[in-house]
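Here's the structure we're looking at; comments come further down.
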Amino acid sequence: MTRNYDVIVWGASGFTGKLVTAYLASEQTASNLKWAVAGRNVEKVRQTLGDYDIPIIQADSEAQASIEALVQQTRVMLTTVGPYARYGSGLVAACAAHGTHYCDLTGEVHWMREMISAHQARAVASGARLVHTCGFDSIPSDMGVYFLQQQMLAKHGVPAQQIKFRLRGTSGGVSGGTIDSMMAMVEKAREDKTILKQLADPYVLNDSSRGTDGPERMSAFFDEDFDSWVGPFVMAGVNTKVVRRSNELLAHQYGTDFQYSEGTLTRRGAGGFLGATGLGVGSGAVAALVSLGPTRSLLQKVLPKPGEGPSEDAINNGYFQIELLGKHPSDASKNMRVEVRGDKDPGYGSTAKMIAESALALAQDDLTVGGGFWTPASALGDSLLRRLPQSAGVTFEVLEG
Ligand SMILES: NC(=O)c1ccc[n+]([C@@H]2O[C@H](COP(=O)([O-])OP(=O)(O)OC[C@H]3O[C@@H](n4cnc5c(N)ncnc54)[C@H](OP(=O)(O)O)[C@@H]3O)[C@@H](O)[C@H]2O)c1
């Protein structure tokens with residue numbers, strides 16, 4: 001079969017897929033790109049596209065033959081069809097088998113582990129580059145660390161031994177698809193206790209090495225380095241594992257004793273303490289509510305449904321601002337602070353641009369890595385450092401050091 005396309009977007013009728021399609025359709029980013037969209041219901045995809053004239057391909061996760069045919073028509077598959085553990089395994093298997101590059105938005109750690117273990121050998125053999133977590137989880141974390149370490153290595157010749165990621169501010173919303181994925185993961189973890197163990201393992205995404213990081217802190221603490229109280233960050237359980245896998249895939253460019261953590265800054269004083277404590281208690285309460293059958297059903301009734309998400313205003317007026325502190329191994333005067341910023345709401349406006357740029361990098365850039373399961377930084381690091389600030393409104397800046 002001839003590869004007619006550079007990129008196919010699967011899930012174009014969904015909330016995030018629609019945003020990705022609009023981004024790729026904008027002239028400046030899609031020049032010379034041969035691309036198509038795909039979905040299980042062609043008529044629904046056509047209605048979603050409105051005035052855009054883009055080829056549509058039918059592909060349903062329930063019909064593996066349609067998935068096999070899909071991946072052979074393109075060099076890169078971009079998928080927003082989630083929950084990924086429910087709908088995505090056939091696509092990953094097909095991409096690995098047919099040498100089709102792949103990127104997604106999953107945050108389902110247990111599923112990533114399963115996919116890597118099942119298909120790594122085939123992807124290496126076919127040359128398919130597969131990159132999970134190309135959205136808010138985990139590009140700002142993974143690329144922020146990559147950027148900081150590049151700066152540190154260039155300036156001081158050694159990597160930062162420890163990096164602290166601190167969310168300074170954000171505004172955005174959540175979609176039904178994300179809630180569905182979160183609930184599906186909790187349900188799976190209730191059925192299968194090995195998944196709980198995997199989620200608790202800081203190095204579960206590493207293939208052959210471990211380090212000295214422990215589980216994420218779930219309670220409030222005061223961080224002298226930021227002169228502020230810190231509470232848990234909701235995506236830390238995914239991002240920290242991706243960053244540790246990047247270090248392994250980059251041949252431990254960050255060091256074998258590298259330590260990494262994430263948290264949310266509140267502020268100093270009693271207000272900051274209460275805010276940080278609230279984040280800890282809030283995360284615990286949400287986890288408890290989601291894990292109990294009756295409250296989970298109630299939540300499913302009131303929260304956004306698949307296909308729904310934040311308003312256009314919330315997306316366009318949203319943002320995120322993250323600060324990372326990199327600690328020099330022996331001289332605190334050489335510590336470095338960098339900032340990662342996004343100009344749209346993190347989960348949808350910025351995420352759509354980040355995954356689209358990841359797909360474009362896989363399709364158009366000279367990448368040095370071969371087939372296999374990569375992280376954004378390990379496969380696309382230098383490409384994304386150029387592309388994201390140029391086109392996606394995601395910037396990386398040295399603040400100090
Ligand atoms: N990492 C991040 O930062 C981030 C950000 C945003 C989203 N996400 C993840 O991205 C995923 C999508 O989120 P969303 O809000 O866009 O979800 P959504 O609106 O529910 O969209 C899901 C898409 O999947 C399609 N689909 C469902 N079942 C299918 C099947 N059997 N075969 C083919 N297509 C099928 C749907 O098609 P129909 O329209 O025909 O139903 C729809 O196009 C979720 O897993 C979410 O967690 C991650």
Please give the helix 269-291 orientation as an angle from the longest Cα principal axis of the chain, in degrees from 0 to 90, rounded to the nearest 10. 40 degrees
Selected from Phe226, Val369, Thr256, residue furthest toward positive end of dipole (the chain; charges at beta carbon): Thr256
Per residue of the range 146-163, in order, report the coupling 6.51 cos²θ - 1.76 cosθ + 1.60 (Karplus, θ = phi - 60°) as ³J(HN,Hα) in whole Hz, putting x for Gly and Pro. 4, 4, 4, 5, 4, 5, 5, 5, 5, 8, 10, x, 9, x, 5, 7, 9, 10
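Using a/c under 1.5 as the rounded threshold, could you call the range 12-76 rounded, prolate or oblate? The axes a ≥ b ≥ c are square roots of the C-alpha gyration tensor eigenvalues, and prolate needs a/b larger than b/c, oblate otherwise.
On the way: a/c = 2.22, a/b = 1.36, b/c = 1.63.
Taking the square roots of the gyration eigenvalues as a ≥ b ≥ c, the range 12-76 is oblate.
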If you average the sequence gap of Cα pairs under 8 Å that are 6 or more apart and divide by the length of the range 198-344, what percent do you get for the contact order? 19 percent
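Tell me, what is the Rg over Rh of the range 90-198, with Rh the Kirkwood radius over Cα pairs?
Details: Rg = 17.3 Å, Rh = 16.6 Å.
Taking Rh as the inverse mean 1/r over Cα pairs, Rg/Rh reads 1.04.
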So what's the back-of-envelope 222 nm ellipticity for the chain, counting only DSSP H runs of four-plus at -39500 (n - 2.57) apiece and dividing by all residues, rounded to 500? -14000 deg cm²/dmol
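Starting with the highest mean, order 321-330, 58-67, 72-81, 218-227 by the number of other Cβ atoms within 10 Å, averaged over the residues of each peptide.
Values: 321-330: 19.3, 58-67: 16.3, 72-81: 25.1, 218-227: 14.1.
Result, highest mean Cβ count within 10 Å first: 72-81, 321-330, 58-67, 218-227.
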Per residue of the range 232-239, what does 6.51 cos²θ - 1.76 cosθ + 1.60 with θ = phi - 60° give for ³J(HN,Hα)? Whole Hz please, x for Gly and Pro, Karplus curve as stated. x, 9, 4, 9, 4, x, 8, 4
In the full protein assembly as shown, how much of Lys44 is accessible to a 1.4 Å probe, in Å² to the nearest 10? 110 Å²
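Applying a 10 Å radius around every beta-carbon, put 118-124, 141-147, 160-166, 381-387 in order of their mean neighbour count, most first.
Working: 118-124: 17.3, 141-147: 26.3, 160-166: 22.0, 381-387: 19.7.
Top of the packing list down: 141-147, 160-166, 381-387, 118-124.
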Dipole of the chain, positive direction: furthest Cα of Val81, Ile116, Ala270, with charges on the beta-carbon: Ile116
Straight-line reach from Lys301: which aspartates and glutamates fall under 17 Å, measuring Cα to Cα and dropping same-chain residues less than 8 apart? Asp180, Glu187
Mind grabbing the accessible area of Arg341 for me, 1.4 Å probe, Å², rounded to tens? 100 Å²
Is there a pair in Lys44/Lys241; Lys305/Lys344; Lys164/Lys353; Lys197/Lys344; Lys197/Lys305 whose C-alpha atoms are over 32 Å apart, and which pairs would that be? Lys44/Lys241; Lys197/Lys344
Around Ala12, under 10 Å between beta carbons, what's the net of Lys plus Arg minus Asp minus Glu among the other residues? +3
With 15 Å as the cut-off, how large is the P(r) tail for the range 193-280, expressed as percent of Cα-Cα pairs? 61 percent
Rounded to two decimals, the Rg over Rh value of the chain from Cα coordinates and the Kirkwood Rh reads 0.95
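Given a 1.4 angstrom probe, what's the average accessible area per residue across the chain, in square angstrom?
Counting only protein heavy atoms, the per-residue value for the chain is 42 Å².
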Taking the Cβ of Pro232 as the center, what net charge do the other residues with Cβ under 11 Å away carry, scoring Lys and Arg +1 and Asp and Glu -1? -1
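Only Lys, Arg, Asp and Glu count, each charged at its Cβ (+1, +1, -1, -1), so figure out the dipole size of the chain about its Cα centre, rounded to 20 debye. Walk me through the numbers before you get to the answer.
Values: 37 positive and 42 negative charges, 83 e Å.
I would put it at about 400 debye.
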With N denoting the number of residues in the range 173-228, provide Rg(C-alpha) divided by 2.2 N^0.38 Å, to two decimal places. 1.54
Per residue of the range 252-259, what does 6.51 cos²θ - 1.76 cosθ + 1.60 with θ = phi - 60° give for ³J(HN,Hα)? Whole Hz please, x for Gly and Pro, Karplus curve as stated. 6, 4, 8, x, 7, 9, 4, 10
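Which order do the peptides 8-14, 304-310 take when ranked by the mean count of other beta-carbon atoms within 10 Å per residue, highest first?
Numbers: 8-14: 26.4, 304-310: 17.1.
Packing proxy ranking, top to bottom: 8-14, 304-310.
Roughly what % of Cα-Cα distances in the range 213-256 sit above 15 Å, to the whole percent?
Numbers: 528 of 946 pairs.
The share of Cα pairs beyond 15 Å in the range 213-256 comes to 56 percent.
The values are calculated or read from the model by the stated rules, or taken from the named source; none is laboratory data. Computed from a prediction, not measured in an experiment: that's the story for all the values here. Neighbour counts run over all protein chains shown; Cβ positions are idealised from the backbone, glycine included. For the accessible areas, the whole protein counts, side chains as well, though only heavy atoms, and no ligand, DNA or RNA atoms are used. Shrake-Rupley method; radii C 1.70, N 1.55, O 1.52, S 1.80 Å.
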